[in-house]
Amino acid sequence: MRVLILFYLLSASMTIGTAQNTCPLQIGTNLAGPADYGSEWPLVDIMKYARTWTTHNAYWVGGGVNAWDTQVLSFFNLDEHGWPMQVPVDNIPGTEAPQIVLTVWANTAVLPGGTYILLYEGEGTITLQWDAQVISSEPGRMEVNVTPGVANIMALEINETSPTNHIRNIRFLMPGTEETYPEQIWSTEWKDKLAPFSALRFMDWGYTNNSPLQDWTDRTVLDDYVYTDVGMPYELMIKACNDLDKDAWICIPHQASDDYILQMATLFRDELEPERKMYVEYSNETWNWLFEQTHYLDEQGDQNTPWPERTVPFIQNALDIWSGVFANEMDRIVRVVGVQHSWQDVSNRVVFNMEPGSFDAFAPAAYFHIPGEGHAALKSMGNNVPVEEVLYWARQGMLNEAWTWTLSQQESIADELGIPMLYYEGGQHLTPDPWGTDQNYGPAMVAAQRDSGMYTLYREWLDSLSTLGTSEQPGLLMHFSYIGVPSQKYGSFGSLECQFCPDEYFPKYEALIDYQDECAPSTRINDPDPEANWQVWPNPVSDGNLYCRWTAQEGGSIDVSDIQGIHLGTYPANRESITQITLPAYSGTFILCFREKADRSLIAPGWFGFTDRRKNQITSVQNNLFCKI
């Protein structure tokens, strides 16, 4: 049983603001990085997501090692975009045969089956194997039948290439896209399912974590043979936002030179449509010791300055360069300082050491998780752990840790500095303890991703986060991530599990859509205090406990009644405090009336209908209610 919270405003000897036209929490998404083994395929040309070249013997050597990757690519002469200019290559020290190049796609089960078209320029011999079989071939064009998931891998080899007209510009096109791919580069399924999201974060597209990029010439460009080396081209990030009408969240590589940062900012300024907003962040999780960027900043920073303060000059410099490029167009960018959700001290020591006015927002993550006691409890249950137990502990982590951390960030930084709190990532974070291991409750964590209880958790989390924003200054949650394969060992982060699968029920994705469709309320009162508002969360309520925050000038009380007008209780509501209300255990409809302390005048009523969600079906929800006060 849970409570669905809806609001209707009534005139009562005062002016009451109209319902918000804008959600107090906007929803964007992180995109998965280019990978041959991934589930996200934005481009109809899947060659760009092939693995970087490996080398191996041109033929099988009887009694030889015949290594899968002989690791001698450095002996190949590659053109400026990575295409080998001579194949095979003979007489490489330590090899047992002439060497050729090969690439693979290692998760064909997630691709659409059918006839793919392979186009190329130059002269030579290309072979395909395993789940890709050539149907017909002519110079520059091959028809290839792809049967996903049979071997769950397919390979492309360049066996021979002309030294005067080497094979290059290979395009491996999804079925039905040969005529349209030059203009319509995006997969229709990828593009259509992105429609609900307002912004795209390109952290993984740019291979931000552990990035080797330093000079502007190091970056990926459009004509490179694959994008799985150092990430997607910035030009495609810009094109995605322009084509799909999305705002962009951009991450600056941690080793980027000042010239790199300047060129990057200039490119986005000149090429991104002016109506698109840009959120600019230096690197990603510079406090996370799993990533090279954290060690780099620690080692390269001023050793006389303590950590994390020594990271601040790097963040400051990068954002200042962007500020200079956008000096006359500052309304186009939001300069974001990333912080650690669960470690308030680290967040404070970074943010409060930035130059005032040099940044516009800060961003922790917004994940909920299984707490330590939950892991211990789940481990004690043996095999066949019920999904309900995982969901229970995930909610405990949400209520007792994640929400507490979020409120701390809001009060310590957002309220103190008067800047918005955004969320660079967020959603569920159900992973085993230790991370990367097989645990008895792993199957239940994966099953929870498809359970309707996950929908309920997401709605509760989104509605709670929405209370911290307003329509004038909304929060922005960049969900992590868009499409991803579930994993017991490493987490199941995609809101969708597959791009080309038929319409199935993915609770996280549905919750993200439904939240935006229904837009959880945070109602603004224009009288008596233009700056006052009242907020109620979580929405929906799942345990009968409701929380209210009221920022009216004098505070007051909250009256609770049932639909028959029977008074159930009065709760004090002081300015900026949070009031907990326990609703009756029985089903019904309940009315909350907010009254000012001074004259007990009605501020606004809200109504609450108990509902039950079974298999994504909502019952006993009332659509209209008239309160007679």
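Please list, in chain and number order, the residues 5+ apart from Ala199 or on another chain whose amide H is under 5 Å from its amide H, with Hs placed from the backbone.
Result for Ala199 returns Gly28, Thr29, Asp247.
Would region 58-139 count as rounded, prolate or oblate if I go by the C-alpha gyration tensor, calling it rounded below 1.5 in a/c and otherwise prolate when a/b exceeds b/c, oblate otherwise? Kindly include the intermediate steps, with their values, before the conclusion.
Working: a/c = 1.99, a/b = 1.46, b/c = 1.37.
Note, shape of region 58-139 comes out prolate.
Can you list, largest first and rounded to whole Å, the semi-axes you get for region 105-262 by taking the square root of 5 times each eigenvalue of its Cα gyration tensor? Mind dumping the intermediate values first?
Values: eigenvalues 186, 90, 44 Å².
Listed largest to smallest, the semi-axes of region 105-262 are 31, 21, 15 Å.
Share of region 45-90's accessible area from carbon and sulfur, percent, 1.4 Å?
Reported share for carbon and sulfur atoms: 53 percent.
Got a sec? What order do Thr456, Thr180, Thr467 fall in by accessible area at 1.4 Å, biggest, i.e. largest, first? Before the final figure, lay out each step's value.
Values: Thr456 25, Thr180 50, Thr467 0 Å².
These residues rank, largest area first, as Thr180, Thr456, Thr467.
Can you send over the carbon and sulfur percentage of the accessible area for region 407-477, probe radius 1.4 Å, protein chains only?
Values: 1000 of 2100 Å².
Carbon plus sulfur share of accessible area: 48 percent.
Assuming R0 = 35 Å, can you tell me the calculated FRET efficiency for the pair Tyr505 and Ser380, based on Cβ-Cβ distance, to the nearest 0.05?
0.70
Which aspartates and glutamates have a Cα lying under 13 Å from the Cα of Lys508, excluding residues fewer than 8 positions away in the same chain?
Hits, sequence-local ones excluded: Asp451, Glu460, Glu497.
Under a 5 Å amide H to amide H cut-off, with H placed in plane at 1.01 Å, what residues pair with Gln86 once short-range neighbours are removed?
For Gln86, the qualifying residues are Asn77.
Given that compact globular proteins tend to follow 2.2 N^0.38 Å, what is the ratio of the alpha-carbon Rg of region 275-421 to that value? Show your work: numbers first, answer last.
On the way: Rg = 18.6 Å, N = 147, 2.2 N^0.38 = 14.7 Å.
It is 1.27.
The values are calculated or read from the model by the stated rules, or taken from the named source; none is laboratory data. These figures come from a predicted structure and were not determined experimentally. Don't worry about glycine lacking a Cβ; one is built from the backbone with ideal geometry, like all the others, and counts go over all protein chains shown. Only protein heavy atoms, including side chains, enter the accessible area calculation; ligands, DNA and RNA are left aside. Shrake-Rupley method; radii C 1.70, N 1.55, O 1.52, S 1.80 Å.
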